[in-house]
Amino acid sequence: KRAAIDAALADWRGRVPRAGPPVAVEYGAFLGYATLRLARSLGPGARVVSFESDPELACLAMNLVALAGLDARIDVWIGEGERLVPKVVSALGSRSVDVVYMDHTQATYHRDAA
């Protein structure tokens, strides 16, 4: 995953000008590894909001994020993406998300991408 995330974000950075720190939304925190990778690959000041529907996995991801010292830049929200997207808009404003990383159950990809 690390190589794929780093390559995709390097390509994105090369093509998309950005005035401020980037913001990423991740569907599926699981244990938080990709969440940490996103934050680190996006660079200092980047913010990541990760959705996790399983409360136990979300708790593990939150603890890993805190252990890595990135809890000021990463939020793990518990719930389904379709219910949490409006929260992202109200918290960060519309047109505020630069990267969406879908790393969750494939059964909900189409619904969540709509």
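The values are calculated or read from the model by the stated rules, or taken from the named source; none is laboratory data. Only a predicted model underlies this, so the values are computations on that prediction, with no experimental measurement involved. All Cβ positions, glycine included, derive from the backbone under ideal geometry; neighbour counts span all protein chains shown.
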Region 80-94 residues that are without any contact (Cβ under 8 Å) to a residue 60 or more places away in the chain and assigned to a helix (DSSP H, G or I), paired with ones that are surrounded by 15 or more Cβ atoms within 10 Å (Cβ to Cβ) and among the charged types (D, E, K, R) (beta carbon under 8 Å, 6 or more apart): Gly81/Asp112; Glu82/Asp112
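Hey, does region 80-88 have a residue that's among the β-branched types (Val, Ile, Thr), surrounded by fewer than 21 Cβ atoms within 10 Å (Cβ to Cβ) and modelled with pLDDT of 95 or more? Spell out how you get there, then give the answer.
Step one: list which residues in region 80-88 are among the β-branched types (Val, Ile, Thr), which gives 85, 88.
When the remaining residues are screened for being surrounded by fewer than 21 Cβ atoms within 10 Å (Cβ to Cβ), the result is 85, 88.
Applying the additional criterion that residues be modelled with pLDDT of 95 or more yields none.
No: zero hits.
Would a scan of region 39-52 turn up a residue that is of a type in the set (Asp, Glu) and not in a strand (DSSP E or B)?
No, because not a single residue in region 39-52 is of a type in the set (Asp, Glu) and not in a strand (DSSP E or B).
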Subset of region 1-38 (residues that are free of Cβ contacts under 8 Å to residues at least 40 places away in the same chain, within 13 Å of the chain's Cα centre (by Cα) and either under 19 Å from Ile78 (Cα atoms) or outside any helix (DSSP H, G or I) (or both)): Leu31, Tyr33, Leu36
Any chance Glu56 is farther than 21 Å from Leu92 by Cβ and at pLDDT 90 or above: yes
Total residues in region 90-108, condition touching a helix residue (DSSP H, G or I) at 6+ places or on another chain (Cβ under 8 Å), of a type in the set (Val, Ile, Thr) and at pLDDT 70 or above: 2
